[in-house]
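The structure appears below as structure tokens.
The values are calculated or read from the model by the stated rules, or taken from the named source; none is laboratory data. Just so it is clear, the model here is predicted, and its values are computed rather than measured. Positions of Cβ are backbone-derived with ideal geometry, glycine not excepted, and every protein chain shown enters the neighbour counts. Surface accessibility is based on the protein's heavy atoms, side chains included, excluding ligands, DNA and RNA. Shrake-Rupley method; radii C 1.70, N 1.55, O 1.52, S 1.80 Å.
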Amino acid sequence: MQPVYKRILLKLSGEGLMGDKPFGVDIKVVSLLAEQIKNVYDMGVQICLVVGGGNIFRGAKEAAKGLNRSVADQIGMMATVMNALFLQDELKRQGVDAVIMSGLNMYQVCEPYLYRNAIKHLEEKRVIIFAGGTGNPYFTTDTGASLRASEMGCDVILKSTQVNGVYDDDPRVNPKAKRYDEISFDEVLSKKLKVMDLTAITMAKENNIPVVVFAQNSETSLSDVVCAKGKFTIIKNRG
């Protein structure tokens, strides 16, 4: 199989690391994800990762309960660093050189994010796991993914989800929901489809970075989508 992208940003949800657990991280799931990332890495694709922290803590949800939003988001950003450490350790165990760069300064566990250092890591064939969000409250990990993909000059953002693309309604609730093979950023915005938050979608649109939404539901899901195979939805500019 031949990859159609040279440099990707893979956005993983924190919930995707839980497996069947109600909370936390399932090491078996992390191991399978690392295997898939290694397969794509072995194809010669440069890989950036952004992982959420919702399996540990969701800042916006806790803020709605009364916790200060800035504090809640800082806790959430630290949760993403925890997930990144799991991924880095498993990637290294499988022989993939991976480095964590964080928007929050946490010198004892990972590097601070610096643009030039990040580019150098990619050129030296390291996988970069971007953690700690943007380092600022009020921004989601989806927005952080669009930001880092723009800075790194990625060819695409691959968004791993529970469903195999973008629908006009939740297909897990509505069996008649319509699935899109391709849709424009403008349509996503006008139809208010819940793919990524408004800031993330707008940033990807303005920087002309397509977003591919796919389901992480098999051992070849990631390599398939990198090679433009299988079921997925591509969101891009038209005209």
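Could you derive backbone 3J(HN,Hα) for the stretch 52-68 from the dihedral phi with the Karplus parameters 6.51, -1.76 and 1.60 (θ = phi - 60°), listing whole Hz in sequence and x where the residue is Gly or Pro?
x, x, x, 6, 10, 7, 10, x, 4, 5, 6, 5, 5, 8, x, 5, 3
Tally up the carbon and sulfur contribution to the accessible surface of the chain as a whole percent, 1.4 Å probe, everything protein left in place. Don't jump to the answer; show the numbers that get you there.
Numbers: 5900 of 11920 Å².
The value for the chain is 50 percent carbon and sulfur by accessible area.
Relative contact order (percent) for the chain, with alpha-carbon contacts under 8 angstrom and 6 or more residues of separation?
Numbers: 473 pairs, mean separation 53.8, N = 239.
Dividing the mean separation by the residue count of the chain yields 22 percent.
Tell me, what ³J(HN,Hα) does each residue in the stretch 192-203 have, in order and in whole Hz, if you take phi through Karplus 6.51 cos²θ - 1.76 cosθ + 1.60 with θ = phi - 60° and put x for Gly and Pro?
Once rounded to whole Hz, the list reads 6, 6, 8, 9, 9, 6, 4, 5, 5, 5, 5, 5.
Please list 3J(HN,Hα) in residue order for the stretch 33-45, calculated via the Karplus relation 6.51 cos²θ - 1.76 cosθ + 1.60 where θ = phi - 60°; whole Hz, with x for glycine and proline.
The phi angles translate into 4, 4, 4, 5, 5, 4, 4, 6, 4, 5, 6, x, 7 Hz.
Do the sum for the chain: with -39,500 (n - 2.57) for every DSSP H run of n ≥ 4, divided by all residues, what is the mean residue ellipticity at 222 nm, to the nearest 500 deg cm²/dmol?
Numbers: 8 runs with 89 residues, N = 239.
Result for the chain: -11500 deg cm²/dmol, rounded to the nearest 500.
Mind ranking 26-33, 156-163, 144-151, 70-77 by how tightly packed they are, going by the mean number of other C-beta atoms within 10 angstrom, highest first? Please list the in-between numbers first.
On the way: 26-33: 16.4, 156-163: 21.8, 144-151: 24.4, 70-77: 19.8.
Result, highest mean Cβ count within 10 Å first: 144-151, 156-163, 70-77, 26-33.
Take the Cα pairs of the stretch 128-235, get the Kirkwood Rh, then feed it into Stokes-Einstein at 10 °C and 1.306 mPa s and tell me D in µm²/s. Before the final figure, lay out the partial values.
Numbers: Rh = 14.4 Å.
My calculation gives 110 µm²/s for D.
Using modelled amide H (1.01 Å from N, peptide plane; none on Pro or chain starts), what sits under 5 Å from the amide H of residue 111, excluding residues fewer than 5 places away?
Those qualifying (amide H under 5 Å, at least 5 residues apart or on another chain) are 100, 102.
What does the highest-first list of 7-19, 56-68 look like by mean Cβ count within 10 Å? Don't skip to the end; give the middle numbers.
Working: 7-19: 22.0, 56-68: 14.8.
For the peptides 7-19, 56-68, the packing ranking is 7-19, 56-68.
Give me the accessible area per residue for the chain, probe 1.4 Å, as a whole number in Å².
Ligands and nucleic acids excluded, the figure is 50 Å² per residue.
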